[in-house]
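Only one structure is covered here, and it is reproduced in the block below.
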Amino acid sequence: MAAELETLDEEKIQYIVVMIGSEQYGLDISVVDNIVRMQKITRVPKAPSYYPGVINLRGEVVPVMSARLKMGLEEDEITKDTRIIILRLEAQGLVGILVDEVKEVITLGESEIDRSNQNSNKQDTTYINGIGKSGDSLVSIFEINAIIDEVEV
């Protein structure tokens, strides 16, 4: 009964579940400004390889980065499901992240997120803040600041 009351009181956070490769990742919905379909990305000279360029979003220039390349995965495959997640961050303003697909929105409490893997291998978990359990599936929770930190426009 006490554990039941604890779960009722715990703060729940909504995450947008996206696919990158064959894995599911969660983005805290509080930093998501918009989700847009794939559009023309204009290359910026001398930009890092994980930074394909910028897009024009309603008259505003928004830098776009590839989550796949940033995490050391293979090149992006642009499909009809490819989306650009527009994040609104205090320090950087608007930043877009290229993802393979947007799946759903889930709500997780702290008790549903396992953060014990953080001490195992720092190199592998740099961009992951924990693993959320949603039904039968696992969702890696992105550490947004670690991913976006190096984006410079």
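Residue count for the range 59-77, restricted to those that are modelled with pLDDT of 90 or more and among the hydrophobic types (A, V, I, L, M, F, W, C): 4. Note on the range 57-75: among residues that are over 19 Å from TYR25 (Cβ atoms) and out of contact with any strand residue (DSSP E or B) (no Cβ under 8 Å at 6 or more places or on another chain), the one that is surrounded by the most Cβ atoms within 10 Å (Cβ to Cβ) is ARG58. When restricted to residues that are among the small types (Gly, Ala, Ser) and either closer than 21 Å to SER137 by Cα or touching a Ser or Thr at 6+ places or on another chain (Cβ under 9 Å) (or both), the range 68-117 contains 3. For LYS80, the stated conditions hold: it is surrounded by fewer than 11 Cβ atoms within 10 Å (Cβ to Cβ) and either closer than 19 Å to LYS103 by Cβ or touching a residue at least 60 places away in the same chain (Cβ under 8 Å) (or both). Per the conditions (1) acidic (Asp, Glu); (2) modelled with pLDDT under 80; (3) more than 25 Å from LYS40 (Cβ to Cβ), the sole criterion not satisfied by GLU112 is (2). The residue pairs whose first member lies in the range 127-140 and is closer than 14 Å to ILE113 by Cβ, whose second member is basic (Lys, Arg), and whose beta carbons are closer than 7 Å, counting only pairs six or more residues apart or on different chains, are GLY130/ARG115. Kindly establish whether SER49 is surrounded by fewer than 15 Cβ atoms within 10 Å (Cβ to Cβ), in contact with a Leu (Cβ under 8 Å, 6 or more places away or on another chain) and farther than 17 Å from ILE144 by Cβ. Here the answer is yes, as SER49 does meet what is asked. Looking at this structure, is GLU75 within 18 Å of LYS40 (Cβ to Cβ) and without any contact (Cβ under 8 Å) to a residue 60 or more places away in the chain? Against the criterion (within 18 Å of LYS40 (Cβ to Cβ) and without any contact (Cβ under 8 Å) to a residue 60 or more places away in the chain), GLU75 qualifies. Taken as a whole, the structure leaves ILE20 outside the set of residues that are in contact with a Leu (Cβ under 6 Å, 6 or more places away or on another chain), touching a residue at least 12 places away in the same chain (Cβ under 8 Å), surrounded by 15 or more Cβ atoms within 10 Å (Cβ to Cβ) and of a type in the set (A, V, I, L, M).
The values are calculated or read from the model by the stated rules, or taken from the named source; none is laboratory data. Keep in mind that this is a model prediction, so the values were computed, not measured. Note that each Cβ is placed from the backbone with ideal geometry, even for glycine, and that neighbours are counted across all protein chains shown.
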